[in-house]
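Reading through the C-alpha cells given below for one structure.
The values are calculated or read from the model by the stated rules, or taken from the named source; none is laboratory data. Note that the structure is a prediction, hence the values are computed from the model and not measured. As a convention, Cβ positions derive from the backbone with ideal geometry for all residues, glycine included, and neighbour counts pool all protein chains shown. Surface accessibility is based on the protein's heavy atoms, side chains included, excluding ligands, DNA and RNA. Shrake-Rupley method; radii C 1.70, N 1.55, O 1.52, S 1.80 Å.
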Amino acid sequence: MAKTYDYLFKLLLIGDSGVGKTCLLFRFSEDSFNTTFISTIGIDFKIRTIELDGKRVKLQIWDTAGQERFRTITTAYYRGAMGIMLVYDICNEKSFDNIKNWIRNIEEHASSDVEKMILGNKCDMTDRRQVSKDRGEKLAIDYRVKFLETSAKSSLNVEEVNQRFCTLKTLGGGSGKPVKITDKKSKRIKFFKCSLL
Ligand code: GTP
Ligand code: MG
C-alpha cells in the first residue's frame, strides 16, 4: 500500500484545565470552535497531515486533561512526545504561574531533548487580559523555548504554531535528525509506540 506521508510527529498539549487545549486542537484539526466547555477526560488525540518543506508530515496531536485527577494517565504520554505545547490562558494569571510547574513535569517525565513551546491562548479576549504578551515572551526566553499568543476562537496564530514548531530540524526525533517513516521501518521507531491502543 502506498504510504501517505513522509514523517510522523507526535505532539502533546498540556496546561491547566480550561485554558483551551481542546479548542486549539479542534481549530487546527477541524477548523471549528465551540464555546461550550467540555472538560477532557484522560487523553484524546487527533491527526492532521500538513506539508513542511515539501514533505508530507503527519501530526499526531495528543490532547491531555488539565484536571489534577488525570495526572497519572496524562504524564504517561510525555515520554513518547517529540514536541510539547504548554498552554496558558491570558485571562487567567494562575494558569500562567502554573507553566513553571508544567515545565517541571516535563523535566521529570519527558525525554530531555523534547521540543517545547509556550502558547498564551484566548488572546481575542483583550478586555479580560491578565497576562501581558511581554510577560509571556519573557517566560519563554527564561526557559529558552518558543512562544506565541493564540486564539482558538479567532484562529489567530493557530496555523503558525505548527509551522514554527514542527520543523523537520527541531522535531528530529531526539537525535537531531528527522525521523523518516518508511512502510517497513515505522513500527520500529520508538517515538511512535502508542501505549493506549
Ligand atoms: P481541560 O480539557 O479541562 O484540560 O480544558 P481545555 O484546556 O481543553 O479547555 P477547552 O479547550 O475545553 O476550553 C475551555 C473553555 O475556553 C471553553 O468554553 C472554550 O470555548 C473557551 N476557549 C478556548 N479557547 C478559547 C479562545 O481562544 N478564545 C475564547 N474566547 N475562548 C476560548
Ligand atoms: Mg480539554
**OP:** On the full set of protein chains, 1.4 Å probe, figure out the accessible area of GLU108 and give it in Å² to the nearest 10.
**Re:** 120 Å²
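Where nothing but the Cβ of Lys and Arg (+1) and of Asp and Glu (-1) is charged, how large is the charge dipole of the range 1-109 around its Cα centre, in debye to the nearest 20?
So the magnitude is around 360 debye.
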Subject >> Across LYS116/LYS153; LYS100/LYS138; LYS94/LYS138, pairs whose alpha-carbon gap is larger than 19 Å >> reply: LYS116/LYS153
Original post:
Convex hull over the alpha-carbon atoms of the range 1-131: what's its volume per residue in Å³?
Top reply: 132 Å³
Subject >> TYR143 accessible area, 1.4 Å probe, all protein chains in place, Å² to nearest 10 >> reply: 80 Å²
**OP:** Express the carbon and sulfur contribution to the solvent-accessible surface of the range 1-153 as a percent, rounded to the nearest whole number, probe 1.4 angstrom.
**Re:** 48 percent
